[in-house]
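Notes follow the structure.
The values are calculated or read from the model by the stated rules, or taken from the named source; none is laboratory data. On a predicted model such as this, the values are computed, not experimentally measured, just so you know. Here the Cβ positions follow ideal geometry from the backbone for every residue, glycine too, while neighbour counts run over all protein chains shown.
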Amino acid sequence: MKTSLLGFAIAAICWLPMLSGHAAAPAPAALKTFFEHEGFGGAPMQRRFANHLFVNTMMNGRKTALMIDSGCPQTLIDRDSARRIGLRVQDSKGYVVGVSGNAERAGISKLSTLAMGNCTFQNVPVEVAAEQQINFIARPHLDGLFGAHEMSRFGMVIDCARQMIYVNPKGASAATSQKLAQLLAGRGFVRIPMHFNPEHHLEVDAALNGHPAKLIVDTGSALTLISSPIAAASGASMSPNMSYHGEGIGYFKQLTLGNLVVNNAEVGVAHVAKFVGAGLLGEEYLSWNFAVIDVGGMNLFMRPPESGPAKKR
């Protein structure tokens, strides 16, 4: 939802051991120990009504909260929140475009500090736009979206089911990502390679009833969403109470993500903006399948619920 990358320098400082917080469940010992040994910091996430993962933050010393949104290319601050924390916003020619195609004029700014858990980011580039819709249906209040640019820059790993985000202050590490892949393979996880598309959205190769598709990995989307034309072309069966605009619930005999197969998948179906492509892989399937998103290593790891007991994680 971003037309160009911002060019500020950015750094992160993390203090170990990890700080405790109010996550819905404690981080699994194996992963927590692994990331501490690798020098990562971390922050507990929480899940609010509407299935949004968020983290409590401090922006320029002010208490705030951000949605963890891997589907948003840049970190984005709501204009009202930007005013509240005293950000100086520079006008730009860019727009922030939503999934449905609605566009909001965006400015740019910089956070001196952004703290979450036991990590503090310095000189964080942000976009600023009217984003009140993220608070229409849920509480607590969120001040914006933490996006994929910073996730990639600091080799972040998102544990969707156990609600932890891990940060490598030294940046992405191929060696750590390889160790993580080995650790998760031993626990029954399937590795699904990710890539950035030209709009800087994280994508995975997928198939809908055998029809190839690319889906954006979007922790900011409560539900998996498929474009209406793609759903029709892929032979989805539709709910009888579809809206006049062709929006509603669709059913696929098979949703394939890399080598992972989800049978009898239920998804949202709607007309979406062109940049969305085939659709979004949303938070419900990410959490149901214990997703671990290694943005630094560009891998999505998922494990079907029936493949093994969660305690082995």
Next item on the list: Identify the residue in the stretch 117-157 that is surrounded by fewer than 23 Cβ atoms within 10 Å (Cβ to Cβ) and β-branched (Val, Ile, Thr) and, among all such residues, is nearest to residue 219 (Cα to Cα).
Entry: 134
Check: Filter the stretch 99-109 for residues that are crowded, with 16+ Cβ neighbours inside 10 Å and not β-branched (Val, Ile, Thr); which is modelled with the lowest pLDDT?
Finding: 104
Next item on the list: Being assigned to a helix (DSSP H, G or I) and touching a residue at least 12 places away in the same chain (Cβ under 8 Å) narrows it down to one of 222, 231, so name that one.
Entry: 231
Next item on the list: Grab the strands (runs of 3 or more DSSP E) fully contained in the stretch 252-308, keeping just those with 2 or more residues being of a type outside the set (A, V, I, L, M, F, W, C) and not assigned by TED's automatic domain parsing to the domain that holds residue 154.
Entry: 260-270
Item checked: strands (runs of 3 or more DSSP E) lying entirely in the stretch 42-127 (those with 2 or more residues that are farther than 27 Å from residue 276 by Cα) -> 52-59, 62-68, 103-116
Next item on the list: Give the residues of the stretch 192-222 that are more than 18 Å from residue 252 (Cβ to Cβ) and more than 17 Å from the chain's Cα centre (by Cα), sorted by residue number.
Entry: 198
Checklist line | Residue among 107, 101 that is farther than 30 Å from residue 228 by Cβ and not β-branched (Val, Ile, Thr) | finding: 107
Item checked: From the options 161, 231, 172, residue that is surrounded by 15 or more Cβ atoms within 10 Å (Cβ to Cβ) and over 30 Å from residue 39 (Cα atoms) -> 231
